[in-house]
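Working notes, structure below.
The values are calculated or read from the model by the stated rules, or taken from the named source; none is laboratory data. Keep in mind that this is a model prediction, so the values were computed, not measured. Here the Cβ is made from the backbone with ideal geometry for all residues, glycine too, and neighbour counts use every protein chain on show.
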Amino acid sequence: MTKVLDWDSRIGRRIRLRDLHILFAVVQQGSMAKAGSHLGMSQSAVSQAIAALEHALQVPLLDRMPRGVEPTMYGTALMRRGQAAFDELRSGVKDIEFLTDPEVGEVRVASSETSLVGLLPSVIERFSLRHPKVGLNVIPTSTHYVGFAALHERNADLVLTALSKPLESDLTEQLQAQVLFYDRICLVAGKQSRWARRRKIDLADLADAVLILPPSDTPGGAAVIAAFRAAGLPMPQVVTTFSVPLRNMLIMRDRFISALPVSILRLNPDLDSVKELPVDVPMAPWPSLLVTLKNRTLSPAAERFIECVRDVARAMHAPS
């Protein structure tokens, strides 16, 4: 009749990796005395470890031969599987060494459109120079529509975004947000457009322009709409989009004026294709955030990336 061993009460609780290691040493050395000398243990301690294994498994693991010991068929089976377990354990240790090395690995960054073209280019340039062996996986996201799913689903290590609406209470219990800087909206046009050549522009002058705005329920979009209402002016034609590349392409055409966060211009001084227009859009600045999950251990590489984010963000606090 096949012997059934109770894993929980007999095997899982009684068999230790140390005892398996001793079994391997005994077979490799050919005797318990030699294994004890090799391991820095007494022969009695080695014998007790082998006896404990045999008692837990209820089978003999070693045959005592005149020239030493040899594994029984049970011992051979256990060693074959045990070797696979030790190999996996060694691989796990190597994985840990890899993950604790800040100079290797991968950092996964989920970013809103504003950070993709504003903050991230300078961060990536700096980080890639400092840590050339670390890969970066940048994931476009819209926290305005999908929230912080990239963090909750463990698809990203961190999120860079503008806070367009207050965090809900249940999210604040799970998320840790750091304010990097405060941003505001400005109106820009292509440097070749007729708007860029004017020294002074009033909102009334924009009646025949096409405005490219973020949605009206975002701080920037709401501020532009509020400015026209406060001036008692009708809104010009509006194209609504979060896409910064689309905005940049359209303002190369003369009729279009785009609302952009000031951070995009400030953090990319070599962006010479657009010009901020002298139009005041009153609004309360909104925070640009770095968001991570609470109580989640980040890899050293991700921690180094966050350091670079903070370094670049400090440029927004410097006098312009």
Check: Is at least one residue of the stretch 128-140 within 30 Å of residue 56 (Cα to Cα) and out of contact with any Asp or Glu (no Cβ under 6 Å at 6 or more places or on another chain)?
Finding: no
Check: residue 219: closer than 18 Å to residue 283 by Cα and touching a Gly at 6+ places or on another chain (Cβ under 8 Å), yes or no?
Finding: no
Checklist line | Members of the stretch 28-48 found to be among the hydrophobic types (A, V, I, L, M, F, W, C), in a helix (DSSP H, G or I) and surrounded by fewer than 18 Cβ atoms within 10 Å (Cβ to Cβ), listed by number | finding: 33, 39, 45
Notebook entry, point to check: Which one of these does residue 98 not meet: (1) more than 30 Å from residue 309 (Cα to Cα); (2) modelled with pLDDT under 90; (3) not hydroxyl-bearing (Ser, Thr, Tyr)?
Noted result: (1)
Next item on the list: Hey, can you tell me all the residues within the stretch 196-225 that are farther than 30 Å from residue 120 by Cα and of a type outside the set (Lys, Arg)?
Entry: 201, 202, 203, 204, 205, 206, 207, 208, 209
Check: If you go through the stretch 262-290 one residue at a time, how many are part of a loop (DSSP other than H, G, I, E, B) and in contact with a strand residue (DSSP E or B) (Cβ under 7 Å, 6 or more places away or on another chain)?
Finding: 6
Notebook entry, point to check: How about the stretch 49-58: which of its residues are without any contact (Cβ under 8 Å) to a residue 24 or more places away in the chain and surrounded by 15 or more Cβ atoms within 10 Å (Cβ to Cβ)?
Noted result: 54
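Every residue, every condition in (1) within 27 Å of residue 310 (Cβ to Cβ); (2) without any contact (Cβ under 8 Å) to a residue 12 or more places away in the chain; (3) surrounded by fewer than 18 Cβ atoms within 10 Å (Cβ to Cβ); (4) not assigned by TED's automatic domain parsing to the domain that holds residue 248, yes or no:
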position	(1), (2), (3), (4)
119	yes, no, no, yes
127	yes, no, no, yes
146	yes, yes, yes, yes
154	yes, yes, yes, yes
200	no, no, yes, no
203	no, no, no, no
210	no, no, yes, no
Notebook entry, point to check: Conditions: (1) farther than 17 Å from residue 25 by Cα; (2) out of contact with any helix residue (DSSP H, G or I) (no Cβ under 9 Å at 6 or more places or on another chain); (3) surrounded by 14 or more Cβ atoms within 10 Å (Cβ to Cβ). Residue 93 meets all but one. Number of the miss?
Noted result: (3)
Item checked: Residue satisfying all of: in the stretch 11-27; assigned to a helix (DSSP H, G or I), modelled with pLDDT under 85 and over 15 Å from residue 74 (Cα atoms); farthest from the chain's Cα centre (by Cα) among these -> 14
